[in-house]
Amino acid sequence: MKRILLYLLLITSYCSLSAQNLDYYYRVKNDAGKAAKRAELFIERGKTDKNGCFKMNAKFNRNIIIVANGFNNKRTALQAEPTHRVTLTPSGLKNETKYSKFFHTEFEAPLYVVNGTYVKGFTPSNYTDDMIAQVTATKKWNKITKNIFKGTEIDDIDVTNRGVLMVQTTKEITLNTPKNKMDYTILVTDNEGKPIKDAVIYAKKGTADKSGTIAFKAKAGVPAIIVAFGYQDYSFVLSEQCDTDVTLTKKVSKDDAKISAKPRFNNGDYMEFRRWFEESTRDQLLQCRVNEGTHVKAEFIIGKSGKVITVNIIESTNPRAERIVKRTLYRSPQWTPAIQNGETKKFHYVMPVNISSL
C-alpha cells in the first residue's frame, strides 16, 4: 500500500511539475569543451497531420526547423507568404548534389541591404519591378559593407561566400515586414511530392550568449533541439533537471568521411586511449594543478605506421603541463592505423585535457 501511495505521489508531482513553465539554464559546449556561443535552441510547436500539413500561428521571419524520421532536417524562415511548401530529402543519399536545390539555409542565402540597412529575411518576390529602383551586388568587404554589418549577428561571416545585394526601393514603398503573429500553413512532402505525416516543427526559442548559455522557460517533457552551424544537431527532451551541460559534436569533414576504419588503440577506440593517457599522466598533472584549474588542448597525428608522428599544442595555461602532455603523446604505444580504400592513412585527433577533472 505504501509503495502504491508513493508511486501515485511521484506521478502527481511529475504531472504538476510538467504542467508549469520552469527556469532552464543550459550551458552549450563543443567537443573541445569551449562555449558554443552561436548555438540556437528550438522547442517543438506541432506535428504534421495525415496530409503533411502544419498549421501554426507565429511571428514573421522566425527561424524554424522541420524534423522527420528518415529525412534530413530542413531549416527555413517564415516569410510574408502564409502558405509554404517544404521538401525534405531522405537521409543517407549517395548523390546529395542531385538534391542541392533543397538545401538552401539562412547561412547560404545572400545578405540583403535595403535602402542602406541590413534587412534579415528580405523577400524580393514580395515586390514588383516598379517597386525596386536599383539593385547592385558585391562580394567584398569595404567601408560601406563594414559599417552596415557592424554590430549585427553576421558581422563575422565571410561576405565572399554569401554575397551582398544592395537594394534601393522607390520612395513610396514600405517594406513588407509584419511584426505581429501570422497564421501559417506549411505542406511537408518528400522528393516525390508525397506528404510526410508526423514531421515535427520547431520554432526558434533563444540563442546562446558568449558564454554558451541559453536561459529560457518551458514545460518539462517538451522535445527540443539545439542547432549550431558546423555542428551536429542535438535532440533531447526537457527534464526536471533545469541546470544542464550539453556538448555538441562537430560535423564529420569530407576527408574523415572517406575513412572506412578509424585508428584502434589496444583493440579499443579513442576512449581506450584516453584511459591510458589519464593513467599515465594523472600524478604528474595533478602536481601542475593551480587553484583556477589548468587546461591543455593538443592535436596529434597518427601516422600510416600507427605511431604518433606529430603533436601540436593548440591551447595551454601551464607550460609544465604542456610539456607532460606532449611528451606522453609521443610515447604512446603503437595504434592500428586508419584505413581508407584498403590503404593505411594518417589520422588526427584534437584532445582537451582539463587537469581539474583528472
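Rule-based calculations on the coordinates, nothing more; no lab input. From a predicted model like this one, the values you see are computed outputs, not experimental measurements. Note that we place each Cβ from the backbone using ideal geometry, even for glycine, and neighbour counts take in every protein chain shown.
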**OP:** Report the Stokes-Einstein translational diffusion coefficient (µm² s⁻¹, integer) for region 254-357, Rh taken as the Kirkwood radius over Cα pairs, at 25 °C with viscosity 0.890 mPa s.
**Re:** 172 µm²/s
Original post:
Once amide H atoms are built 1.01 Å from N in the peptide plane, which residues 5 or more positions from A261, or in another chain, come under 5 Å H to H?
Top reply: I339
Original post:
Over what distance in Å are the Cα centres of region 207-229 and region 299-358 separated?
Top reply: 33 Å
**OP:** Quick one: which residues, 5 or more positions from T213 or on another chain, have an amide H under 5 Å from its amide H? H modelled 1.01 Å from N in the peptide plane, none for Pro or chain starts.
**Re:** V28
Original post:
Expressed in nm to one decimal, what extension gain is obtained for the pair K55 and S280 from 0.36 nm per residue of sequence separation less their Cα-Cα distance?
Top reply: 75.2 nm
Subject >> Rounded to whole Hz, the Karplus (6.51, -1.76, 1.60) HN-Hα couplings of region 307-315, x for glycine and proline >> reply: 8, 6, 9, 9, 10, 10, 8, 7, 9
Subject >> Computed FRET value (nearest 0.05) for D245 with T336, which takes r as the C-beta separation and R₀ as 30 Å >> reply: 0.40
**OP:** Pull out the extension gain between T213 and V237, defined as 0.36 nm times the separation in residues minus the alpha carbon to alpha carbon distance; nm, one decimal.
**Re:** 6.9 nm
**OP:** State the extension gain, in nm to one decimal, for the chain segment bounded by R85 and E299, taking 0.36 nm per residue of separation less the distance between their alpha-carbons.
**Re:** 72.6 nm
